[in-house]
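First up is the structure itself, then whatever we jot down about it.
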Amino acid sequence: MRKLWGGVFSGTNDRVVEAFGQSIETDLTFWQEDVIASVAHARMLGATGIISAEEAKTIEDGLERIHEEGPGALPRDVEDIHTAVEARLHDLIGDVAGKLHTARSRNDQVATDTRLYIHNALLEVSDEIKRLQATVLEQAEKHANDLMPGFTHGQRAQPITLGFHLLAYFWALQRHGWRFERVVELANYSPLGSAALAGTGFPIDRFATSKELGFTAPIPNALDATSDRSYLLDALSAAANLMIDLSRLSHELVLFSGREFGFVKLGDAVTTGSSIMPQKRNPDMAELIRGRTGRAIANWVSLATTMKGLQLGYNRDTQDDKPPLFSSLRLINDSLVLTGLMLQRADWQTERMRAAIHGDFSTATDLADALARTGMPFRQAHEIVGGAVKNCLDRGITLEDLDATELALLAPDAPPDTINVLQPEGSVASRESYGGPGPKAMREQLEHAARMLGETGFSAPV
């Protein structure tokens, strides 16, 4: 196996040692970033006179050739992507390729590649979040007035609308987009030129390479630059947070698509059948998103556990920082797309959702509020309404079944128009506080969400 080291060694590694330490197959994920960073480094070496302008141009041309060839031309009998690129460069331009590694180390090289990769990959994630937000907003607008039960403790609590319920996920996605942008900002500092850990004696220009690669600035301390993996932990944390909310949405789709709820029928494209039960329509994609969320959480834990005991300076342990990153990024992109497909092809059973509210006493709070608006202490109102609910249960009727005369007997202080909010439509219509499901409040929230969606990037989610 070809290496970038070995002069002091008189023997060779055992094959199992070489295989265990290889990272080339994983590293190929950011082969392009390695080439791009190497071009910037070569140009800087030429501009500062560390190597001649002709040598720098030869190296740059060779690297451009590698970029055109793609990863398929890179050798695999090497330790890592850095060795692969340099080996291929040597094949193309000869011994001058060895000058590319002047004034840098694989330590600052891999940190640079990973930060560049994070930047590009999270831009793709942000685009997928925007696409899912657009789907959520479209569905929320369509179902802004379709009633459904709202839940606390997994039990029916108050009437809401499907549009209101879906918009909760829009704002969650806004937070996730905002978080990922912050991760990009934190990661967008250049370690290139920090070399192994203590910089270099060559007259390099770290500001030039930082600017060319699109970084905000060089990292001020070379030891910190080669040691830091907190930006990867930030990315993995943001990915796990996103997956948790996608899992919660998926769990609701699993529940709501079952006959016990019957609130939604998921499309054929995102469901599967049973090998033995012909009638089954299984919400497998929602279940897989819910299940694989554990992987995203575990990926953060895996790297955090690796990092917690490492002293400053590069340690080979951190070779294993990239597999969890690549895993989580693939997972969140796929899950965002699949969640969008599930929502786009969902057939919401709005009549079933409206019928589910009947008789669940979920307008009891509205009756208590009506009494409190007369000046009655809310605790007293709560007690009166509790008695009214018990009376209805004993008689086998619901709050919606009460007429004005019966209501006056059970809650004498209730204003006459209180009878309206005992109906789910009246309850929802009355909740016009900011962020509520009432018609006016929903129009404002939909307009707010549309403005957010139309922005480039993600504003603070308020």
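The values are calculated or read from the model by the stated rules, or taken from the named source; none is laboratory data. Worth saying up front: this structure is predicted, and the values here are computed from it rather than measured. Heads up, the Cβs are rebuilt from the backbone with ideal geometry, glycines too, and the neighbour counts pull from every protein chain shown. Ligands, DNA and RNA are excluded from the accessible area calculation, which covers all protein heavy atoms including side chains. Shrake-Rupley method; radii C 1.70, N 1.55, O 1.52, S 1.80 Å.
Taking the stretch 312-357 as the range and being under 20 Å from Thr114 (Cβ atoms), polar (S, T, N, Q) and more than 14 Å from the chain's Cα centre (by Cα) as the test, the residues that pass are Asn315, Thr318, Gln319.
Open to solvent by 30 Å² or more (accessible area, probe 1.4 Å) and closer than 23 Å to Val110 by Cβ: which single residue out of Leu233, Leu255 fits that description? Steps first, answer last, please.
Working: Leu255 fails: closer than 23 Å to Val110 by Cβ.
Residue meeting the stated conditions: Leu233.
In the set Leu213, Leu173, only one residue is open to solvent by 20 Å² or more (accessible area, probe 1.4 Å), on the phi < 0 side of the Ramachandran plot and either touching a residue at least 40 places away in the same chain (Cβ under 8 Å) or among the hydrophobic types (A, V, I, L, M, F, W, C) (or both); that residue is Leu213.
Quick one: how many residues across the stretch 138-149 are open to solvent by less than 10 Å² (accessible area, probe 1.4 Å) and either under 20 Å from Ala449 (Cβ atoms) or of a type in the set (D, E, K, R) (or both)?
Our first condition is that a residue be open to solvent by less than 10 Å² (accessible area, probe 1.4 Å); within the stretch 138-149, this holds for 140, 148-149.
Next, only the ones that are either under 20 Å from Ala449 (Cβ atoms) or of a type in the set (D, E, K, R) (or both) stay: 140, 148.
So the count comes out to 2.
Any chance the stretch 5-15 includes a residue that's assigned to a helix (DSSP H, G or I) and either modelled with pLDDT of 95 or more or over 35 Å from the mean Cα position of the chain (by Cα) (or both)? Before you say what the answer is, go through the steps one by one.
So the first thing to find is which residues in the stretch 5-15 are assigned to a helix (DSSP H, G or I), and the list is 15.
Subsequent filtering for residues that are either modelled with pLDDT of 95 or more or over 35 Å from the mean Cα position of the chain (by Cα) (or both) retains 15.
The answer is yes; a qualifying residue exists.
For the stretch 122-140, the criterion of a residue being within 30 Å of Gly199 (Cα to Cα) and at pLDDT 95 or above is satisfied by at least one position.
Being outside any helix (DSSP H, G or I) and either of a type outside the set (A, V, I, L, M) or under 30 Å from the mean Cα position of the chain (by Cα) (or both) narrows it down to one of Leu192, Leu233, so name that one.
Details: Leu233 fails: outside any helix (DSSP H, G or I).
Answer to the selection: Leu192.
Scanning the stretch 374-392 for residues being outside any helix (DSSP H, G or I) and either within 43 Å of the chain's Cα centre (by Cα) or surrounded by fewer than 13 Cβ atoms within 10 Å (Cβ to Cβ) (or both) gives a total of 3.
I'd like the residue in the stretch 296-314 that is of a type outside the set (A, V, I, L, M, F, W, C) and farther than 30 Å from Leu266 by Cβ and, out of all such residues, is surrounded by the most Cβ atoms within 10 Å (Cβ to Cβ).
Within the stretch 296-314, the first condition is being of a type outside the set (A, V, I, L, M, F, W, C), and the residues that meet it are 299, 302, 305-306, 308-309, 311, 313-314.
From the residues that got through so far, the ones that are farther than 30 Å from Leu266 by Cβ too are 302, 305-306, 308-309, 311, 313-314.
Working: Ser302: 17, Thr305: 10, Thr306: 18, Lys308: 7, Gly309: 8, Gln311: 6, Gly313: 12, Tyr314: 20.
Of everything passing the filter in the stretch 296-314, Tyr314 is surrounded by the most Cβ atoms within 10 Å (Cβ to Cβ).
Restricting attention to the stretch 351-373, the residues being open to solvent by less than 40 Å² (accessible area, probe 1.4 Å) and polar (S, T, N, Q) number 2.
For the subset of the stretch 143-176 comprising residues that are of a type in the set (Phe, Trp, Tyr) and in a helix (DSSP H, G or I), which member is farthest from Leu236 (Cα to Cα)? For the stretch 143-176, the residue satisfying everything is Phe164. For first residues located in the stretch 336-363 and farther than 30 Å from Thr398 by Cβ, partners that are at pLDDT below 95 and among the acidic types (Asp, Glu) and lie 6+ apart or on another chain with Cβ distances below 9 Å form the pairs Arg345/Asp268. Looking across the stretch 258-295, the residues that are open to solvent by less than 50 Å² (accessible area, probe 1.4 Å) and more than 14 Å from Leu338 (Cβ to Cβ) come down to Gly258, Gly262, Phe263, Val264, Ser274, Asn282, Gly294. Residue count for the stretch 273-321 satisfying the condition of being among the aromatic types (Phe, Trp, Tyr) and not in a helix (DSSP H, G or I): 1.
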